[in-house]
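To keep things clear, I will list the structure first and then write my remarks on it.
All of the numbers you see were taken from the coordinates with simple rules; none came from a lab. These figures come from a predicted structure and were not determined experimentally. Neighbour counts run over all protein chains shown; Cβ positions are idealised from the backbone, glycine included.
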Amino acid sequence: MNRIVSYTLSLVLLIGFVILSSCQEDPELPDNLVEFESDELGISSSETELTITINLSREASAEASLIVNVEPVGLAYDVDFTTEPATISNSISIPVAVSATTASFVVKKSEGALFDGDEKITFTIASAPESLVLGEKTQLTLKFAEIVATTGAMELNGGGPTYPNKVFIDLSANRQTAVARTTWDLGFSSGSDFRIVLNASNGMLARALDKTDLNSVTASDTVGWGTQLSLGAVFAAITSTPVPDWVPSAITWIDDPSGDLSKTSIPAISATPSENKVYIINRGDGPGTPATKLGWKKIRIVRNGNGYTLQHADISATTFSEIQITKNTAYAFQFVSFATGVVEIEPTVDRWDLAWTGFTNSTNFGSGPVPYYFQDIILQNTTGIQTAQILTSIKTYESFGEADLASLDFGNQSQVKIGSSWRSGGGPGVSPAVRTDRFYIIKDSDNNFYKLRFTALTTSGERGKPKLEYSLIKKGT
């Protein structure tokens with residue numbers, strides 16, 4: 001009898017605990033902070049407009065609006081500049097879409113307006129709805145002159161754990177530019193050569209066919225190797241026993257990670273049309289859980305004077321579309337989306353130093369180099385940018401100064417000179433983390449010298465939002 005009573009009492013307590021637990025509210029999420037990406041920006045004489053971004057620390061739970069006050073000095077609205085959205089009583093109402101992690105507005109110079117360089121506008125996030133909380137950087141000063149930032153700290157807008165963005169960083173301008181990595185497919189060199197680069201941020205692969213007629217290519221042309229043309233297939237192959245014979249050739253399906261344009265997957269486009277083959281493209285994966293498959297294309301590229309003609313189609317199509325690409329030496333590459341045509345992705349060659357992204361790198365698992373996808377890679381602009389790594393055992397970040405530059409050896413450069421060296425790799429049961437035993441010296445295209453270190457791989461435990469800080473060592477002359 002006592003046993004029955006005891007059992008019944010235990011059951012009642014258990015049920016009561018379950019009911020009490022189910023009645024408790026879900027754990028509260030941390031505040032959704034809103035703040036500017038930086039506290040000072042400059043708009044150069046050659047720029048006609050500038051997009052200013054406001055970051056949210058996580059996705060917006062509902063549609064909302066931010067009120068930003070506008071205080072110009074030495075400028076008059078509608079005479080010297082305008083904004084989009086427009087100001088009303090010296091304030092801008094900035095819409096925030098549901099699920100958005102950023103909001104933005106545009107400052108536009110008025111046509112024909114003249115500037116002395118001492119004009120500025122101070123923007124202040126004055127109010128936010130209850131669902132959002134003001135962060136630390138609620139004020140930004142926009143100077144109507146080029147700035148050379150002396151210090152800076154950034155939380156990179158990579159977009160979160162599925163790393164949807166590629167982020168370009170301009171240290172001297174204290175500016176970052178986040179671009180959705182799925183907005184382009186191929187890059188066309190603006191240099192004297194005729195080279196094509198694949199979108200390594202999506203894990204794109206390319207393989208040549210011995211054909212030059214795009215319409216004659218069908219899925220049957222991939223029989224025997226079509227299932228190999230993906231990063232997932234390569235990884236499965238190198239972890240199998242024995243490793244298949246085709247694995248060593250997989251490294252030729254990507255561009256050389258160093259950024260050397262003489263080692264691209266698609267060779268230089270020949271002036272003789274009959275020498276330009278058809279390529280099968282696996283466009284890789286977009287963001288998502290699971291990752292979104294971007295699909296396959298067949299392409300052929302020929303020269304068009306000093307530009308390019310891209311022919312592309314789905315593999316089963318019997319007709320194709322064409323996109324004309326004109327070189328523009330203000331940019332290293334002209335970028336193309338199969339869906340939308342020519343698109344602007346990178347800033348001009350003198351407007352970025354580093355970029356953060358997911359990236360198709362190479363690694364060696366014992367059978368030679370193979371394509372391998374890395375998150376959190378730092379790339380450098382190969383046009384005029386040099387970087388060097390300094391270990392803190394040799395010199396601390398705080399103590400490194402202008403006098404130390406004389407003995408600095410920048411050595412060989414490549415776009416992956418920093419690469420993944422700033423973070424530990426992680427592994428089973430081990431989370432990747434920032435390496436605190438090193439920092440980097442950056443020499444930009446204007447001969448400004450900066451020291452830079454990474455301070456966080458995550459923000460509130462979330463990947464895709466790394467942090468860095470930097471300081472000017474010597475201003476260019």
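Between the C-alpha center of region 329-391 and that of region 164-240 there is a gap of 12 Å.
Beyond 28 Å in Cα-Cα separation lie the following of the pairs Lys263/Lys474; Lys108/Lys137; Lys120/Lys474; Lys166/Lys297: Lys263/Lys474. Projecting the Cα positions of Ala97, Val34, Thr357 onto the charge dipole of the chain (unit charges on Cβ atoms of Lys, Arg, Asp and Glu, taken about the Cα centre) puts Thr357 furthest along the positive direction. Using the Karplus relation 6.51 cos²θ - 1.76 cosθ + 1.60 with θ = phi - 60°, the per-residue 3J(HN,Hα) values for region 317-324 come to 6, 9, 10, 9, 9, 10, 10, 9 Hz, with x marking Gly and Pro. Working from the Cα coordinates of region 354-474, the gyration tensor eigenvalues give, after taking √(5λ), semi-axes of 25, 18, 14 Å in decreasing order.
Shape class of region 312-402 from the alpha-carbon gyration tensor: oblate, with a/c at 1.5 or above and b/c at least as large as a/b. The convex hull defined by the C-alpha atoms of region 185-337 has an orientation-averaged projected area of 9.9 nm².
When you filter the GluC sites (Glu not before Pro) in region 75-149 for DSSP loop state and at most 10 other Cβ atoms inside 10 Å of their Cβ, you are left with Glu111, Glu130, Glu136. Taking a Cβ cut-off of under 11 Å around Ser270, the surrounding Lys, Arg, Asp and Glu residues balance to a net charge of +1, with basic ones at +1 and acidic ones at -1.
Basic side chains Lys and Arg get +1 at the Cβ, acidic Asp and Glu get -1 at the Cβ, and with that the dipole of the chain about its Cα centre reaches some 1620 debye. Couplings 3J(HN,Hα) of region 224-236, computed from phi: x, 9, x, 6, 8, 7, 7, 5, x, 5, 5, 5, 4 Hz, in residue order, whole Hz [Karplus 6.51 cos²θ - 1.76 cosθ + 1.60, θ = phi - 60°; x for Gly and Pro]. Cα-based radius of gyration for the chain, normalised by 2.2 N^0.38 Å, reads 1.14.
Net charge in the neighbourhood of Leu33 (other residues with Cβ under 11 Å of its Cβ; Lys, Arg +1, Asp, Glu -1) is -2.
D by Stokes-Einstein for region 33-147, Kirkwood Rh over Cα pairs, 4 °C, 1.567 mPa s: 90 µm²/s. Taking amide H as placed 1.01 Å from N in the peptide plane, Phe81 has its amide H under 5 Å from the amide H of Ala76, Ser110, each at least 5 places away in sequence or on another chain. Each other residue within a Cβ distance under 15 Å of Thr458 adds +1 if Lys or Arg and -1 if Asp or Glu, for a net charge of +3. Is region 216-260 rounded, prolate or oblate when judged by the Cα gyration tensor, a ≥ b ≥ c being the square roots of its eigenvalues, rounded requiring a/c under 1.5 and prolate requiring a/b larger than b/c? Here region 216-260 falls in the oblate category.
Residues whose amide H lies under 5 Å from that of Ala100, counting only those 5 or more places away or on a different chain, are Ala60; hydrogens are built 1.01 Å from N in the peptide plane.
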